[in-house]
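Engineer: My structure is below; once you've seen it, I'll send some questions.
The values are calculated or read from the model by the stated rules, or taken from the named source; none is laboratory data. Just so you know, these numbers come straight off a predicted model, no measurement behind them. Here Cβ is always computed from backbone atoms with ideal geometry, including for glycine, and neighbour counts include all displayed protein chains.
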Amino acid sequence: MNYLRPAAILLLLLSLLTGVAYPALVTALAQWWFPQQANGSLITGKQGEVQGSALIGQTFTEPRYFWSRPSATGPYGYNAAASSGSNLGPTNPALIEAVAARVQALHDADPTNQAPVPVDLVTASGSGLDPHISLAAAEYQIKRVARLRHISESILRALVAANSEDRQWLVFGEPRVNVLQLNLALDALGN
């Protein structure tokens, strides 16, 4: 019985320290030092309305937009609550069918494009939430978007270049472009 009171006091103190004080301190520091990231890296439109997050992809299906990388998170895509890859191996018939259907959809949207389809336009990322495509995937789509929006390809290439990101810390990953930011910049052109 001599240990019950100190144990209860220690439980209460540690609960307050680790369950209230520490999370409150980390939240306050994150809001102070990194407010954009702490609030979800939200992208806002012209009138200040939230368009999405720079960290989570969105589905674009209209041919006049740049298309995102496919998502394996469910039938509606980019469900952050179900973040995961498909776990299908490269010889799995379901993956082969899905990739073939995605390639066919790209060819149907732009029948004159005979260039090889970049792999990131037909396969999902490990998280299924990737908001970026490679520069090759953006280049593959430029002719279609230019034709449907009546914009010159050179303007679109400049738009892709202006919205591209370099390797992280100049070492990790590949140059890429955030599809939501690119499509918002495309809409800002007014075509």
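Engineer: Looking at the structure I just gave you, is residue 74 in a loop (DSSP other than H, G, I, E, B), assigned by TED's automatic domain parsing to the domain that holds residue 179 and within 21 Å of residue 124 (Cα to Cα)? Even if it seems obvious, please write down each step before you answer.
Structural biologist: Values: in a loop (DSSP other than H, G, I, E, B): yes; assigned by TED's automatic domain parsing to the domain that holds residue 179: yes; within 21 Å of residue 124 (Cα to Cα): yes.
Yes: the conditions hold for residue 74.
Engineer: Which of the residues that make up the range 162-191 are β-branched (Val, Ile, Thr) and either modelled with pLDDT of 90 or more or touching a Cys at 6+ places or on another chain (Cβ under 7 Å) (or both)? Working first, answer last.
Structural biologist: The first filter runs over the range 162-191 and keeps only residues β-branched (Val, Ile, Thr), leaving 171, 177, 179.
Residues satisfying the conditions are 177, 179.
Engineer: Moving on to the next point. Would you check if residue 93 is surrounded by fewer than 10 Cβ atoms within 10 Å (Cβ to Cβ) and farther than 15 Å from residue 126 by Cβ?
Structural biologist: yes
Engineer: Just give me the residues in the range 91-118 being within 17 Å of residue 59 (Cα to Cα) and of a type outside the set (Lys, Arg), in sequence order.
Structural biologist: The initial filter retains those residues of the range 91-118 that are within 17 Å of residue 59 (Cα to Cα), namely 98-99, 101-103, 105-106, 109.
98, 99, 101, 103, 105, 106, 109, listed by residue number.
Engineer: Right, residue 64: in a loop (DSSP other than H, G, I, E, B), surrounded by 13 or more Cβ atoms within 10 Å (Cβ to Cβ) and out of contact with any strand residue (DSSP E or B) (no Cβ under 6 Å at 6 or more places or on another chain) or not?
Structural biologist: On the way: in a loop (DSSP other than H, G, I, E, B): yes; surrounded by 13 or more Cβ atoms within 10 Å (Cβ to Cβ): yes; out of contact with any strand residue (DSSP E or B) (no Cβ under 6 Å at 6 or more places or on another chain): yes.
Against the criterion (in a loop (DSSP other than H, G, I, E, B), surrounded by 13 or more Cβ atoms within 10 Å (Cβ to Cβ) and out of contact with any strand residue (DSSP E or B) (no Cβ under 6 Å at 6 or more places or on another chain)), residue 64 qualifies.
Engineer: Now a separate question. Which condition number does residue 133 fail, the rest of (1) in contact (Cβ under 8 Å) with a residue 24 or more places away in the chain; (2) in a loop (DSSP other than H, G, I, E, B) being met?
Structural biologist: With respect to (1) in contact (Cβ under 8 Å) with a residue 24 or more places away in the chain; (2) in a loop (DSSP other than H, G, I, E, B), residue 133 is out only on (2).
Engineer: Which residue, of 114, 104, 141, is farther than 25 Å from residue 154 by Cα and either of a type outside the set (Lys, Arg) or in a strand (DSSP E or B) (or both)?
Structural biologist: Numbers: 114 fails: farther than 25 Å from residue 154 by Cα; 141 fails: farther than 25 Å from residue 154 by Cα.
So the residue among 114, 104, 141 that is farther than 25 Å from residue 154 by Cα and either of a type outside the set (Lys, Arg) or in a strand (DSSP E or B) (or both) is 104.
Engineer: Please count how many residues of the range 162-181 are surrounded by 17 or more Cβ atoms within 10 Å (Cβ to Cβ) and in a helix (DSSP H, G or I).
Structural biologist: Residues in the range 162-181 being surrounded by 17 or more Cβ atoms within 10 Å (Cβ to Cβ) and in a helix (DSSP H, G or I): 3 in total.
Each row is one residue, and each column tells you yes or no for (1) surrounded by fewer than 16 Cβ atoms within 10 Å (Cβ to Cβ); (2) at pLDDT below 90.
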position	(1), (2)
72	no, yes
76	yes, yes
86	no, yes
100	yes, no
142	no, no
147	yes, no
152	yes, no
160	no, no
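Engineer: I would also like to ask the following. Six or more apart or on different chains, Cβ atoms under 6 Å: show the pairs whose first residue is in the range 155-170 and over 14 Å from residue 134 (Cβ atoms) and without any contact (Cβ under 8 Å) to a residue 60 or more places away in the chain and whose second is of a type outside the set (A, V, I, L, M, F, W, C) and in a helix (DSSP H, G or I).
Structural biologist: Close Cβ pairs (under 6 Å, with a partner that is of a type outside the set (A, V, I, L, M, F, W, C) and in a helix (DSSP H, G or I)) do not exist here.
Engineer: Could you look through the range 104-140, keep only residues that are among the hydroxyl-bearing types (Ser, Thr, Tyr) and within 16 Å of the chain's Cα centre (by Cα), and pick out the one that is modelled with the highest pLDDT? Steps first, please.
Structural biologist: If we filter the range 104-140 for residues that are among the hydroxyl-bearing types (Ser, Thr, Tyr), which is where we start, we get 112, 123, 125, 127, 134, 140.
If we keep only those that are within 16 Å of the chain's Cα centre (by Cα) too, we end up with 123, 125, 127, 134.
Numbers: 123: 88, 125: 77, 127: 74, 134: 94.
So the residue we want is 134.
Engineer: Tally time: how many residues in the range 1-58 are surrounded by fewer than 11 Cβ atoms within 10 Å (Cβ to Cβ) and either touching a residue at least 40 places away in the same chain (Cβ under 8 Å) or charged (D, E, K, R) (or both)?
Structural biologist: So the answer is 3.
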